[in-house]
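Encoded as structure tokens, the structure appears first; notes follow it.
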Amino acid sequence: MTLQMWIKDRAIHGYPTFSIEDVREAGMYTSDQIMKNELNRLCSNKVIANVYRGFYVIIPVHYVLRGSVPAPYYIDQLMAYLDKSYYVCMLSAAELLGVAHQRPQQFSVMTTYPRRQLVTTRNVTIDWFYREKLPEDALVIKNTETGTIRISNPLLTAADLVQNQQHVGGLSRVATILEELSEQIDIDSQLPALIPYVKTVAWQRLGFLLENIIEDKETADKLYKQLRSSSSRMVYKPLSTSAEDNPSKRDRRWKLNINVQIETDDI
């Protein structure tokens with residue numbers, strides 16, 4: 001059996017990915033170099049895509065013209081190969097939750113340390129983010145073409161966006177996404193599992209956005225009440241992490257120094 005026939009057989013039987021170890025175990029080659037040359041040739045011919053060192057995706061017909069496969073197609077299998085827990089986060093999670101915004105150029109994945117290098121396949125880049133431990137009870141399972149993926153629930157998505165505001169284009173963009181995402185946030189059911197995993201200042205900033213920019217006072221009030229009843233202690237922090245701190249203008253409820261003007265955009 002040739003490598004291409006072996007790949008076709010895997011695809012037919014519902015296995016859209018494989019590793020270089022899988023090819024070795026199939027026993028088709030006596031030389032590693034010949035095997036790697038053939039893998040490279042099939043990558044050049046857009047039969048497969050090398051999305052991580054030693055890990056390949058079989059390119060379906062409908063993605064051949066792109067020459068690459070979108071990350072949701074294989075991310076669950078890749079993370080299983082890496083033996084790493086994960087969830088799709090931030091802009092990528094918001095998109096999968098149905099929030100309309102500009103398609104992110106990078107696919108964001110939260111995982112645990114140690115750090116990994118970026119995974120790039122032509123027009124697909126996976127951007128890694130890290131936590132010591134993942135909030136498993138705050139994750140949602142979504143169906144994909146090849147199975148399922150794990151994504152952050154609406155509140156965790158919002159918290160991650162606020163906590164990584166500089167990475168996603170600042171608080172104005174976060175607020176724009178939050179206008180739609182807030183409809184899916186349920187503080188009472190979603191917050192308790194997240195208190196140990198999210199910094200208090202992120203909740204302060206999120207609460208301020210909900211109350212003063214999104215004008216969702218009901219959700220903001222619930223968040224404030226839960227924070228007050230928890231062991232979280234709010235102290236004055238700057239609203240934006242990308243501007244100089246300015247304590248001359250303060251929000252006393254959320255204990256924030258308002259050092260930036262926030263405006264939402266039309267989606």
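The values are calculated or read from the model by the stated rules, or taken from the named source; none is laboratory data. Keep in mind that this is a model prediction, so the values were computed, not measured. Cβ: placed from backbone, ideal geometry, glycine included. Neighbour counts: every protein chain shown. Keep in mind that these areas ignore ligands, DNA and RNA; they rest on the heavy atoms of the full protein, side chains included. Shrake-Rupley method; radii C 1.70, N 1.55, O 1.52, S 1.80 Å.
Quick look at the values:
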| read-out | value |
| --- | --- |
| Compactness of segment 58-142 as Cα Rg over 2.2 N^0.38 Å, two decimals | 1.11 |
| Spatially proximal lysines relative to Lys217 (Cα-Cα < 26 Å; intrachain offsets below 8 disregarded) | Lys199, Lys225, Lys237, Lys249, Lys255 |
| At q = 0.17, 0.21, 0.24, 0.27 Å⁻¹, base-10 log of I(q)/I(0) for segment 185-265 (Debye sum, equal scatterers on each alpha carbon) | -0.66, -0.99, -1.22, -1.41 |
| For segment 206-251: rounded, prolate or oblate by the Cα gyration tensor [a/c cutoff 1.5] | oblate |
| Rounded, prolate or oblate (a/c below 1.5 giving rounded, otherwise prolate when a/b exceeds b/c) for segment 127-211 by Cα gyration tensor | rounded |
| Counting DSSP beta bridges with both ends in the chain, the antiparallel % (nearest 5) | 70 percent |
| Computed E for Ser232/Asn143 - FRET, C-beta separation, R0 22 angstrom, nearest 0.05 | 0.05 |
| Listed values [x] 1, 5, 12, 15, 15, 13, 10, 8, 6, 5, 4, 3, 1, 0, 0; [y] 1, 6, 14, 19, 21, 18, 13, 6, 1, 0; [z] 1, 6, 13, 17, 18, 16, 12, 8, 5, 2, 1, 0, entry calculated as P(r) over Cα pairs in 5 Å bins from 0, in percent | [x] |
| Whole-number percent relative contact order across the chain, with pairs defined as alpha carbons under 8 Å at least 6 apart | 13 percent |
| Electrostatic dipole magnitude of the chain [Cβ: Lys, Arg +1; Asp, Glu -1; Cα centre; debye, to 20] | 700 debye |
| Exposed-loop-free span, longest in the chain, where GluC sites (Glu not before Pro) count as exposed if DSSP calls them loop and at most 15 other C-beta atoms lie within 10 Å | 1-131 |
| Most to least accessible of Thr219, Thr2, Thr146 (protein chains only, probe 1.4 Å) | Thr2, Thr146, Thr219 |
| Selected from Leu239, Leu65, Leu78 as most flexible by GNM, with the chain as the system and alpha-carbon contacts under 10 Å | Leu65 |
